[in-house]
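None of the figures in this text is laboratory data; all of them are computed from the coordinates on show. This is a predicted model, so every value here is computed, not measured. So basically every Cβ, Gly included, is an ideal-geometry build from the backbone, and we count neighbours across all protein chains shown.
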Amino acid sequence: MTGEKVRVRMKVNRQSVELLCEPRQSLLECLRDILGLTGAKEGCNDGNCGACAVILDGRLVNSCLVLAVEAEGSEIITIEGLARGAELDPIQRAFLEQGAVQCGFCTPGLILATKALLDRTPDPTEGEIRRRLANHLCRCTGYDKVVRAVRQAAAERREVRA
Amino acid sequence: MKWFDYAAARSLPEALELLARPGARPLAGGTDLLVQMRAGERKADLLVDVKRIPELNRLECDPAGGLQLGAAVPCCRIYEHPEVRRRWPALAEVAEMIGGVPIQSRASLGGNLCNAAPSADSVPVLIVLGARCRIAGPGGVRVLPVEEFCTGPGQTVLETGELLVGFELPPPEPHSGAAYLRFTPRREMDIAVAGAAAAITLEDGAIRRARIALAAVAPTPLLVPEAGDRLAGKPPAEEHLRAAAELARAAARPITDLRGTAEFRRHLSAVLTRRALEAALARAREA
């Protein structure tokens, strides 16, 4: 083994970054510990809870199951990249207004999962919402408020488009 | 996780050269491998990322009407592919059944097969669809049926330095259909207690050919040839479906573990086989 760190270039929240990381470091570790983006959370660290979810090249991924070196040349959106300045994304606003945030640990993952869902399916049924968010555990809300927030965000996004 | 090196191969020859190094192991979606390496269950000194190799990313219909499916194509691309959804709906469905959305963005059917879990959902589907594996290695390329790939839990026929490149699926026959059903206590994000895949081809109202394969009831995903053969030439009547399901039950060699008892899994083998046959039959009638 070479034991050498690897230089990785990627775009995080529309900004080019370059970092030096160990091949064994997950994207989650590098986002949090090197870039200081602590929105993505470490829950289970094995792909079950969804608290670490980010969007990588347009796809929702568990950043605990991606090595940072695998993200070379990729574009990543984390929860920090969703609001435009002081203006919240409609999905973030819907989560607030519906009370879909309690302890908040699952929220960054759930909001990015909602974005990934609505970007491909603008008008999901309740069944689709529950199925497509199944990789995200929330121990506070019982999910009903989350589903309401997703429906509100979907309706608002459709209105903006119309 | 212990230290390892990482290299992203850009071509098949480059990947084979890297995989010839001691302690090298291919990395596709990583949704099983990284978890296992963190737990110390699998070791590697060098991870060879195979996701940027064109052959492993292929997802296209070949001129003969079959499907060329690269080993590293993520599940989301499979179930979003209009032609796969139309012509191989059982394959699209199982790609959407494995894990949740963020898993499906990374996990591949090549990885599902190489991980060689007896409960791998996609493997029985690939088996009943007649898929063959294309394997590249230092000695050249070999092709073998998917049902011959796994040799035990976590064990496969891959020799050191070999790489699963992809799958070749034959064109669906006229009046054929396939389906996979599994039993899980939760509807999503769960691992099969047992699963059954069935494929049926009809001819003049009778069953010309059927294939049945089971998940999570043996050390490997299990093709049950005698259950499929029992249906050949028979009308698609319930008594025959039940007889085939009984043969599937008899072939199951399950264990008792935290997900279910051996007795329950034998029961599920019969029930799921019969229901998968009914679902495959409904599709064959529409095709």
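Per-residue answers, yes or no, for (1) small (G, A, S); (2) in contact (Cβ under 8 Å) with a residue 40 or more places away in the chain; (3) out of contact with any strand residue (DSSP E or B) (no Cβ under 6 Å at 6 or more places or on another chain):
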position	(1), (2), (3)
B:L18	no, no, no
B:A44	yes, yes, no
B:L67	no, yes, no
B:V84	no, no, yes
B:R87	no, yes, yes
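Which strands (runs of 3 or more DSSP E) does the stretch B:147-241 wholly contain that include 1 or more residues that are surrounded by fewer than 19 Cβ atoms within 10 Å (Cβ to Cβ)?
Result: B:150-152, B:163-169, B:194-203, B:206-215.
Between residues in the stretch A:143-162 that are part of a helix (DSSP H, G or I) and residues that are hydroxyl-bearing (S, T, Y), which pairs lie under 6 Å by C-beta distance while being six or more apart or on different chains?
As it stands, the answer is A:V150/A:T114, since those pairs meet every condition given.
Do you know which of the residues in the stretch B:137-146 that are surrounded by 12 or more Cβ atoms within 10 Å (Cβ to Cβ) and touching an Asp or Glu at 6+ places or on another chain (Cβ under 9 Å) is nearest to B:P254 (Cα to Cα)?
B:R142
Given the conditions (1) surrounded by 15 or more Cβ atoms within 10 Å (Cβ to Cβ); (2) within 22 Å of A:C64 (Cβ to Cβ), report the number of the one that A:V150 does not fulfil.
Tallying (1) surrounded by 15 or more Cβ atoms within 10 Å (Cβ to Cβ); (2) within 22 Å of A:C64 (Cβ to Cβ), A:V150 fails exactly one: (2).
Can you give me the number of residues within the stretch B:167-204 that are within 13 Å of the chain's Cα centre (by Cα) and aromatic (F, W, Y)?
2
Which residue is nearest to the other protein chains (Cβ to nearest Cβ), if the candidates are limited to the stretch A:1-24 and must be closer than 19 Å to A:L60 by Cα and touching a strand residue (DSSP E or B) at 6+ places or on another chain (Cβ under 7 Å)?
Here the residue is A:M10.
Taking the stretch A:50-92 on its own, how many of its residues are out of contact with any helix residue (DSSP H, G or I) (no Cβ under 8 Å at 6 or more places or on another chain) and either more than 8 Å from chain B (Cβ to nearest Cβ) or on the phi > 0 side of the Ramachandran plot (or both)?
10
How about the stretch B:1-106: which helices (runs of 4 or more DSSP H) wholly inside it have at least 3 residues that are surrounded by fewer than 24 Cβ atoms within 10 Å (Cβ to Cβ) and away from chain A (no Cβ under 12 Å)?
Here the list reads B:12-19, B:82-87, B:89-95.
For A:K115, work out the one condition from (1) free of Cβ contacts under 8 Å to residues at least 24 places away in the same chain; (2) closer than 19 Å to A:L56 by Cα it doesn't fulfil.
In the conditions (1) free of Cβ contacts under 8 Å to residues at least 24 places away in the same chain; (2) closer than 19 Å to A:L56 by Cα, A:K115 misses (1) alone.
If I ask for residues that are facing another protein chain (nearest Cβ under 10 Å) and of a type outside the set (S, T, N, Q), which ones from the stretch A:30-48 would you list?
Of everything in the stretch A:30-48, those that are facing another protein chain (nearest Cβ under 10 Å) and of a type outside the set (S, T, N, Q) turn out to be A:C44, A:D46, A:G47.
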